[in-house]
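Notes follow the structure.
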Amino acid sequence: MDRVLIGILGKGKWETAEYVLNNLKIETDYTTYAIKSLKERQGETYKKTVIFGTTEASWEYIEKYLPEAERIYIPEGKNEEEFKKMFSIMCSKLQQLKDYNITLDLTHGFRLQPFTLLSTAYYLNLLRYIKIEEIYYAFLTKEKDKNRGEIVSILPLLKILKTASHINVYAKTLSPAGFEETLKELEEERRKLGNQGKINEAESFTQLITPIKIIMDLSTNIILNNPQGIKDKIGKAEEKLEEGLKTANKLYPYLIPSLQNLLELLRKNLSVLKGKTLWETQIMLAETCLNHDRYVSAAINLREGILTYFCHKISGCKEKSCVKGECLKNGKGREYRERITSDHLTKVAKKELIPQTESHKEASKLFNKVAQERNKICHGLIGYPETVKKEEIEKKLKELIQEIKEKLPQIKF
């Protein structure tokens, strides 16, 4: 894909400085030209150059260094109407550049202009109307008898903002939608460090990538309603997130708030499952799924949790491995477990079998109520006359969870 370089031009005169980018240097008094020249030395060329500025901007710099550049005139931005117009002009032009990889230089802007260009471009980038390849800003400092301009990439900070939106989705749904994109960007940063010869830093980046992968794996187990897989990974996820925070603090501070947030969400929603029996895990997981709008998962885990409990109480299993949360590992006992539903619970609930005790009768009624609700939800309410309303489904599942919490301890076998 061809590249386009976009600059912003303010008013004034700028001093000559030795500009530095990726260890390459050039002396000039205009940053956008410095970026173009230094990038070309690295073999990266720009098909187009676009400069935004007011009619009173210092266009002589463009005539001197970038005469081929397309000039886009914008208002100064001294009031709200001018700000809106500036946004509209920038937005329109940027959308015309959808077939290019875009590099922004924000150094020589005036007042709100750099901020407006940055926010407009990144807004369109988030919506996938354009593709931003790089964003630069040059910091000018005095070194002995000459000026030095360090051209710094601020793109990593902007990129990581997308991660915040992905985490907001995760906080609401426990789905890692968009995390693949975050991983790709972190891998890109790791490659850049490697290409710059910073091998140790590149290797350390693994500690930022690993916790994201574990959270994704954990979410897959939630989506698949696999409580054992969840229990097995919670501790590891916490450990790797804590390690990642230490690495981010030294190497990549942009990621710290995201990792902190993921750790808080993990401890709030899933860490409580550590050390619980399998049935406790399933029932607690049902409540967690319900709180995150995962109704099918809530119904499935609720049914499986109450079945696990009754299986533990009714079965002649001597190992009682479900206490440790290891029940049904490698598929053992699955057929017997399901037979309990038909032979001991469902038939009693349907009055096809006389209950052995009053508790047997209560257990069967409770299981049947949960199983029927699970069947409705998991089969898309097909064949049921009910209108699908979010509030009604939530209310029914909350009532079932509460009823299980209250009645389960009272059922004696």
> Hey, what angle do you get for helix 278-291 against the long axis of the chain, alpha-carbon based, 0 to 90 degrees rounded to 10?
Replying inline: 50 degrees
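Which pairs in the list 13/142; 365/407; 93/192 are over 22 Å apart, alpha-carbon to alpha-carbon?
Exceeds cut-off: 93/192.
Which entries in the list 268/313; 159/213; 236/398; 240/274 go over 26 Å, if you measure between the two C-alpha atoms of each? Let's see the in-between values first.
On the way: 268/313 30 Å; 159/213 18 Å; 236/398 30 Å; 240/274 16 Å.
Flagged as over cut-off: 268/313; 236/398.
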>> Helix-only mean residue ellipticity at 222 nm, the chain, DSSP H runs n ≥ 4 weighted -39,500 (n - 2.57), per residue, nearest 500. What is it?
In response: -18000 deg cm²/dmol
>> What is the angle, in °, between the Cα long axis of helix 295-314 and the longest principal axis of the Cα atoms in the chain? Nearest 10 is fine, range 0 to 90.
In response: 40 degrees
> Under a plain spin-label model, where a point goes 7 Å from the Cα along Cα-to-Cβ, how far apart in nm are residue 173 and residue 18?
Replying inline: 5.3 nm
>> Need the list of lysines near residue 11 for cross-linking: C-alpha distance under 17 angstrom, and skip anything on the same chain fewer than eight residues off.
In response: 64, 78
>> Report the Cα centroid-to-centroid distance between segment 52-80 and segment 135-198 in angstrom, as an integer.
In response: 28 Å
> Highest mean first, what order results for 254-262, 38-46 on Cβ atoms within 10 Å?
Replying inline: 254-262, 38-46
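Show me the ranking of peptides 28-34, 151-157 by mean Cβ neighbours inside 10 Å, starting with the highest. Walk me through the numbers on the way to the answer.
Values: 28-34: 23.1, 151-157: 15.7.
The densest-packed peptide leads the list: 28-34, 151-157.
Using a probe of 1.4 angstrom, how much of the accessible area of segment 204-251 is carbon and sulfur, in percent? If you can, show how the numbers build up before the last one.
Values: 950 of 2010 Å².
C and S fraction of accessible area: 47 percent.
Arrange the peptides 64-70, 404-410, 277-283 so that the one whose residues have, on average, the most other Cβ atoms within 10 Å appears first.
Values: 64-70: 14.6, 404-410: 12.9, 277-283: 23.1.
Ranking, from highest mean packing down: 277-283, 64-70, 404-410.
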> Using alpha-carbon positions, what is the distance between the centroids of segment 344-413 and segment 89-128, in Å?
Replying inline: 57 Å
> Most fluctuating residue of 189, 287, 403 in a GNM of the chain with Cα springs under 10 Å: which is it?
Replying inline: 403
> Taking +1 at the Cβ of each Lys and Arg and -1 at the Cβ of each Asp and Glu, which of 124, 270, 92 sits farthest along the dipole of the chain towards its positive end, judged by Cα position relative to the Cα centre?
Replying inline: 270
>> Contact order normalised by length for the chain, with contacts defined as Cα pairs under 8 Å and 6 or more residues apart; what percent is it?
In response: 10 percent
> Which angle from 0 to 90°, rounded to the nearest 10, does the C-alpha axis of helix 256-269 make with the longest principal axis of the chain?
Replying inline: 10 degrees
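Which of the pairs 25/48; 231/389; 47/246 have their Cα atoms more than 30 Å apart in this structure?
Details: 25/48 23 Å; 231/389 32 Å; 47/246 42 Å.
Result: 231/389; 47/246 exceed 30 Å.
Could you please report the charge total around residue 149, scoring K, R as +1 and D, E as -1 over all other residues with beta-carbon less than 12 angstrom from its beta-carbon? Intermediate results must be reported in sequence, preceding the final value.
Values: positive: 25, 142, 146, 148; negative: 15, 18, 27, 29, 105, 143, 150.
Within the 12 Å Cβ shell, the charges total -3.
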>> Can you divide the C-alpha Rg of the chain by 2.2 N^0.38 Å and report the result to two decimal places?
In response: 1.39
> Based on Cβ point charges of +1 for Lys and Arg and -1 for Asp and Glu, what charge dipole magnitude is obtained for the chain about its Cα centre, in debye rounded to the nearest 20?
Replying inline: 1760 debye
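How much net charge surrounds residue 97 when only the other residues with a Cβ under 12 Å from the Cβ of residue 97 are counted, with Lys and Arg +1 and Asp and Glu -1?
Result for the local shell: +2.
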>> Give me the 1.4 Å probe accessible area per residue for the chain, excluding ligands and nucleic acids, in Å².
In response: 51 Å²
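In the neighborhood of residue 293, defined by Cβ-to-Cβ distances under 15 Å, what is the net charge if each Lys or Arg adds +1 and each Asp or Glu adds -1?
On the way: positive: 172, 294, 389, 390, 395, 396, 398; negative: 287, 391, 392, 394.
Spelling it out: positives minus negatives among the neighbours equals +3.
The values are calculated or read from the model by the stated rules, or taken from the named source; none is laboratory data. Everything numeric here is computed off the predicted structure, so don't read it as measured data. Glycine gets a Cβ as well: all are built from the backbone with ideal geometry, and neighbour counts include every protein chain shown. Only protein heavy atoms, including side chains, enter the accessible area calculation; ligands, DNA and RNA are left aside. Shrake-Rupley method; radii C 1.70, N 1.55, O 1.52, S 1.80 Å.
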